[in-house]
Amino acid sequence: MSSPAITTVLKMIESLPANAQSRVLEHLREYIQDLEEELKWEQSFKKTESNLIAAAKRAKQEIAEGLAKPMDYDEL
């Protein structure tokens, strides 16, 4: 699958010296890996979004009812 944008980027990279091409490709690999990780996190949050909303509502309710207490980080 090739698009005009990909073709343009490839031509731009090919116009560079070999060592610069390698640097660009390494940056692109890292960038794509970061994007893939970000997409995984987004999917993970989408799957648990309703659970997170429910937990937040329970917490607000407990606070409103005076059932909540400040967290003691030393007890974690």
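Return the residues of the stretch 1-16 that are polar (S, T, N, Q) and open to solvent by 70 Å² or more (accessible area, probe 1.4 Å); say none if nothing qualifies. S2, T8, S15 - these are the residues of the stretch 1-16 that are polar (S, T, N, Q) and open to solvent by 70 Å² or more (accessible area, probe 1.4 Å).
Quickly run through the stretch 1-54 and pick out the residues that are among the aromatic types (F, W, Y) and modelled with pLDDT of 95 or more. Steps first, please.
Initial filter on the stretch 1-54 (among the aromatic types (F, W, Y)): 31, 41, 45.
If the condition is that a residue be among the aromatic types (F, W, Y) and modelled with pLDDT of 95 or more, then Y31 is the only one that fits.
Residue-level check: of (1) under 25 Å from the mean Cα position of the chain (by Cα); (2) open to solvent by 80 Å² or more (accessible area, probe 1.4 Å); (3) of a type outside the set (A, V, I, L, M, F, W, C), T48 misses just (2).
Considering only residues that are of a type outside the set (K, R) and part of a loop (DSSP other than H, G, I, E, B), look in the stretch 51-76 and name the one that is surrounded by the most Cβ atoms within 10 Å (Cβ to Cβ).
Per the criteria, the residue is A68.
The values are calculated or read from the model by the stated rules, or taken from the named source; none is laboratory data. The structure displayed is predicted, hence computed values, not measured ones. As a convention, Cβ positions derive from the backbone with ideal geometry for all residues, glycine included, and neighbour counts pool all protein chains shown. For accessibility, only protein heavy atoms count, side chains too; no ligands or nucleic acids. Shrake-Rupley method; radii C 1.70, N 1.55, O 1.52, S 1.80 Å.
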